[in-house]
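See structure below.
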Amino acid sequence: ACKITIRRTKMTGDAPVIATTTTTTVAETAGKAIATSFTTDITSTVTTTTTTTDSTTTVTTTTDNTPTVDATINSTFTVATAPANLSTAITITNEKMSMEEGHGGDDRVKWGSKLQFFCYCLSYAVGFGNVWRFPYLCYKNGGAAFLIPYTTMLLCVGLPIFFMELALGQYVSLGPGRLFPKMAPIFSGLGWGMVMLSLLTAIYFNVIIAWTFFYTVASFSSQLPWARCDNYFNSPECFTEEDASVCKNNSLYYYNRTCLDTHEYCSLASLSDYNDTHCYSPENHDVIREADGAVYRMSASEDFFRNRMLAVGGRHWEDMGGMRWELFGYLALSWVIVAACLAKGVKTTGKITYFTAFFPYVVLFILFIRAITLDGAYQGIQFYLLEPNISQLMEMEVWSDAAIQICFSLGICFGCLSTLASYNKFNNNCMRDAIVISFSNCLTS
């Protein structure tokens, strides 16, 4: 299809003033003249009909002999019956995708402001990976030494792909499901694969959101239920450091809300007491273990997660338990909230991101203040920052973990970034956005 734009300019002295612009889309036939008509009122009614030749209009048409929609068409004409101060120009350009085919174009809804897009991308990138996974990887891979491969992967892998996704989505104003088929039909599966990947990710992320609702409701109590072991749902293996320290001061061991001596405690693991601090196996006297680690125990918080929220304690494949209606309700609530946020498109979600982008930083700041005031905070700072294990940089697994974390943390290759960028204006500086968002996300970690 061809888009024909006629711009009529009325001369006022020496300065041209645009009076009206008319645009239409007509069918293209290679090797033949295009016929269409425009009617407009400026100083008088002027009707222009583009044909090969008539008494009022002269049209020069040059076409490629190849019968394809990519044929080049150049047309110019003058209007003999128009007033002396009126000139008309026509521009015909080829478009492989028309507006009816779903091309983003100017009719696609745009972000209300550049800040909305920035906040949306930031809230998309900053998430559980920054709070949960990154500290674990630092602990596993040499503390602050892990920042070297992490930063390297950001510059070599994360940032280029992040920018590429923003640029593709912004250029064509389409999501991945239609972007890749239009760009290269052989990659159609890649676009829909991204859509499916985002769907699967949304499913388990909403499960985590349902868990947060469960914990939020449970926290409205005088004492947190995951901070003690005297609840109805607690298992015998539940223990807290406070309770265990009371028993330890008396050379006893905490189990099932009581303090046991070494003999009783070792017998729980089918062992015998070797002395006050060790157990041994009756079948093999050479197997000697510390009594403190001979019996499996779990923290009160883990016990709450397994036996209160999930109710999986003592369950197996043959007996998986009944429906957890509380979790089902919270999961349904999380999906309803997601649907409500997306119902009105970017006009609504763009405003919501003002909260979702910056509120996590408030929470992280509160947790940071709380963490540095706890006992042992200096030991943690010393391990993570002051005593990095540089030797671990020679291990391939460290660099692999850094690459995986960068891809997971930035959310690249999920198709979401190209979708978000498709609502940008065509001339938005997406390179600046990619750099600022990527570094903001990594600094948050």
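The values are calculated or read from the model by the stated rules, or taken from the named source; none is laboratory data. Values in this document were obtained by computation on a predicted structure and should not be read as measured data. Cβ coordinates were reconstructed from backbone atoms using ideal geometry, including for glycine residues, and neighbour counts include every protein chain displayed. Side chains are part of the model used for accessible areas, which takes the heavy atoms of the whole protein and leaves out ligands, DNA and RNA. Shrake-Rupley method; radii C 1.70, N 1.55, O 1.52, S 1.80 Å.
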**Complete:** Inside region 266-301, the number of residues satisfying the requirement of being hydroxyl-bearing (S, T, Y), open to solvent by less than 50 Å² (accessible area, probe 1.4 Å) and at pLDDT 90 or above is 1
**Message:** With the structure loaded, tell me whether F414 is outside any helix (DSSP H, G or I) and farther than 20 Å from A125 by Cα or whether it fails that test.
**Reply:** no
**Message:** Return the residues of region 387-406 that are surrounded by 11 or more Cβ atoms within 10 Å (Cβ to Cβ) and in a helix (DSSP H, G or I); say none if nothing qualifies.
**Reply:** I390, Q392, L393, V398, W399, S400, D401, A402, A403, I404, Q405, I406
**Search result, residues across region 224-260 that are touching a residue at least 40 places away in the same chain (Cβ under 8 Å), in a loop (DSSP other than H, G, I, E, B) and not β-branched (V, I, T)** = R228, C229, N231, F233, N234, S235, E237
**Request:** Determine whether F304 is surrounded by 15 or more Cβ atoms within 10 Å (Cβ to Cβ) and either part of a helix (DSSP H, G or I) or out of contact with any Lys or Arg (no Cβ under 7 Å at 6 or more places or on another chain) (or both).
**Result:** yes
**Prompt:** Identify, please: which residue in region 309-327 is outside any loop (DSSP other than H, G, I, E, B) and open to solvent by 50 Å² or more (accessible area, probe 1.4 Å) and is, among those, nearest to S267 (Cα to Cα)?
**Reply:** H316
**Complete:** So, first residue over 16 Å from P236 (Cβ atoms) and touching a residue at least 24 places away in the same chain (Cβ under 8 Å) in region 307-320, second residue surrounded by 10 or more Cβ atoms within 10 Å (Cβ to Cβ) and among the acidic types (D, E), Cβ within less than 9 Å, six or more apart or across chains; the pairs are M309/E326
**Request:** Quickly run through region 338-370 and pick out the residues that are among the aliphatic types (A, V, I, L, M) and either loosely packed, with under 13 Cβ neighbours inside 10 Å or not in a helix (DSSP H, G or I) (or both).
**Result:** A339, A340, L342, A343, V362, V363, I366, L367, I369
**Message:** For the condition over 15 Å from L443 (Cβ atoms) and either of a type in the set (K, R) or surrounded by fewer than 18 Cβ atoms within 10 Å (Cβ to Cβ) (or both), what is the one hit in Y124, Y171, Y120?
**Reply:** Y171
